[in-house]
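Bear in mind that the values in this text are calculations on the coordinates, not laboratory data. All of these numbers come straight from a predicted model, not from anything done at the bench. Cβ placement follows ideal geometry from the backbone for every residue including glycine, while neighbour counts extend to all protein chains displayed.
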Amino acid sequence: MLTITEKEIRLEKGTLHCLTGGNRGMRDILLLHGKKFEAETWRDLRTLHELAEAGFHAVALDMPGYGKSPEAEMGNEYVLRAFIQVEQLDRPILLGPSMGGKIALEFALAHPQLVGGLILVGAVGIEEYKDRLSEIKKPTLLVWGSNDTISPPANGELLAQEIENSKLVIIDNAPHPCYLEQPDLWHDELINFLRSNFH
């Protein structure tokens with residue numbers, strides 16, 4: 001039986017809560033969350049189990065003020081950089097839906113050397129970075145719901161056009177949190193992308 005472990009990580013400026021699955025030494029995947037969600041969402045959806053069973057080391061992080069991470073005066077960039085360092089993650093693949101996608105994208109542009117790949121799901125705030133998207137050279141999976149009204153599929157198409165090594169998957173009739181709507185399809189696309197690029 002696969003176990004998911006809960007951990008509290010102490011940083012200089014505060015404490016972070018995370019869930020981990022899979023063995024250390026396997027390829028690291030760092031899962032962020034959307035504004036209305038938390039690390040626990042990835043356990044409930046079984047994404048952590050799917051990743052661990054496929055041979056990856058998956059870490060789902062609660063950002064400060066979300067889930068079980070207390071509020072703290074820490075910027076997103078500091079949180080990711082310090083967390084990656086303390087947890088000794090080796091160029092993790094960043095997975096982020098919605099707000100988490102924006103955080104992952106910003107971090108990949110600021111610290112390309114610390115990121116192994118990107119998985120953006122209905123990411124918001126794309127327009128702010130459209131002139132810099134071509135800087136991203138890491139394998140990137142883009143997943144969008146065809147009925148996303150918060151970050152329209154056109155955002156996914158823009159990313160696919162600008163990011164050289166990217167693949168866009170549109171999930172039919174799915175809303176903004178498309179991974180919740182069709183988890184089997186989401187997991188298939190996720191694992192196939194990871195196996196194709198990181199095994």
- Distance (nanometres) between label positions extended 7 Å along Cα→Cβ at Asp184 and Glu164: 3.8
- Net +/- balance of residues flanking Gly14 in space, Cβ distance below 12 Å, scoring K and R +1, D and E -1: -3
- Query: Tell me, what ³J(HN,Hα) does each residue in the range 31-38 have, in order and in whole Hz, if you take phi through Karplus 6.51 cos²θ - 1.76 cosθ + 1.60 with θ = phi - 60° and put x for Gly and Pro?
  - Reply: 9, 9, 9, x, 4, 9, 10, 7
- Query: What's the Cα-based Rg to Rh of the range 1-46, Rh via Kirkwood?
  - Reply: 0.98
- Task: Run a plain Debye calculation on the chain (Cα atoms as equal point scatterers, no solvent) and give log10 I(q)/I(0) at q = 0.18 Å⁻¹, rounded to two decimals, same order as the q list.
- Result: -1.28
- In whole angstrom, the spacing between the Cα centers of the range 78-138 and the range 146-199 equals 16
- Query: How much mean residue ellipticity at 222 nm does the chain get from its helices, if each DSSP H run of length 4 or more adds -39500 (n - 2.57) and you divide by all residues, to the nearest 500 deg cm²/dmol?
  - Reply: -9500 deg cm²/dmol
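Neighbouring Cβ atoms within 10 Å as the yardstick, rank Tyr179, Tyr78, Tyr129 fewest first. Write down the numbers at each step before the final one.
On the way: Tyr179 24, Tyr78 16, Tyr129 19.
Exposure proxy ranking, most exposed first: Tyr78, Tyr129, Tyr179.
Roughly how many debye, to the nearest 20, is the charge dipole of the range 38-89 about its Cα centre, given +1 on each Lys and Arg Cβ, -1 on each Asp and Glu Cβ, and no other charges?
Working: 4 positive and 10 negative charges, 25 e Å.
Rounded to the nearest 20 debye, it is 120 debye.
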- At 0.890 mPa s and 25 °C, Stokes diffusion of the range 139-199 via Kirkwood alpha-carbon radius, µm² per second: 208
- Using θ = phi - 60° and the Karplus relation 6.51 cos²θ - 1.76 cosθ + 1.60, list the HN-Hα couplings for the range 58-73 in order, rounded to whole Hz, with x at every Gly or Pro. 9, 10, 9, 10, 8, 5, x, x, 10, x, 9, 8, x, 3, 7, 7
- Derived scalar couplings ³J(HN,Hα) [the range 49-56; Karplus, 6.51 cos²θ - 1.76 cosθ + 1.60; whole Hz; x for Gly, Pro]: 5, 4, 5, 5, 5, 7, x, 10
